[in-house]
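Heads up, the thing below is written out as structure tokens.
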Amino acid sequence: MSEQEAQQENTPVDDKAHIRHELDLGVAEWKRAEPEGETIEDAVEYAFVPHTDGVTYVAMRQSSEPDGTVLVFTPAEWDAFVAGARDGEFDEPW
């Protein structure tokens, strides 16, 4: 195995490192993901964030840690996540 192949094998497939620094999360309009009519103290928040490459990515964070870790999803990843949530893929019991 060449050095380049070894490096590729140890590199995350899609960590979006190449676009993260270009997403302006400071102006993102964060929406809380909580059931209608309910208020959850530590809700997940998400925002649709346009990028200079023409793609609108979806960012997700914990409302209790607005300066903490932000997950970034491509449109296809977000669609798959939403479809899984609608299908009950993430419902308890795990």
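The values are calculated or read from the model by the stated rules, or taken from the named source; none is laboratory data. Every value quoted in this text rests on a predicted model; they were computed, and no experiment measured them. Note that we place each Cβ from the backbone using ideal geometry, even for glycine, and neighbour counts take in every protein chain shown.
None of Ala80, Ala43, Ala59 is closer than 19 Å to Lys16 by Cα and over 10 Å from the mean Cα position of the chain (by Cα) except Ala80.
For the range 23-40, indicate whether the set of residues that are assigned to a strand (DSSP E or B) and either surrounded by 14 or more Cβ atoms within 10 Å (Cβ to Cβ) or hydroxyl-bearing (Ser, Thr, Tyr) (or both) is non-empty. Talk me through it step by step, then tell me what you get.
Step one: of the range 23-40, the residues assigned to a strand (DSSP E or B) are 31-33.
Right, trim to either surrounded by 14 or more Cβ atoms within 10 Å (Cβ to Cβ) or hydroxyl-bearing (Ser, Thr, Tyr) (or both) and you get none.
No, there is no match, as no residue in the range 23-40 is assigned to a strand (DSSP E or B) and either surrounded by 14 or more Cβ atoms within 10 Å (Cβ to Cβ) or hydroxyl-bearing (Ser, Thr, Tyr) (or both).
Using the structure shown, decide if Thr52 is under 19 Å from Val27 (Cβ atoms) and at pLDDT below 90. When the stated conditions are applied, Thr52 passes them. Scanning the range 8-22 for residues that are at pLDDT below 80, exposed (fewer than 10 other Cβ atoms within 10 Å of the Cβ) and not in a loop (DSSP other than H, G, I, E, B) yields a count of 1.
The strands (runs of 3 or more DSSP E) found wholly in the range 42-94 and carrying at least 1 residues that are surrounded by 10 or more Cβ atoms within 10 Å (Cβ to Cβ) and touching a Pro at 6+ places or on another chain (Cβ under 6 Å) occupy 56-62.
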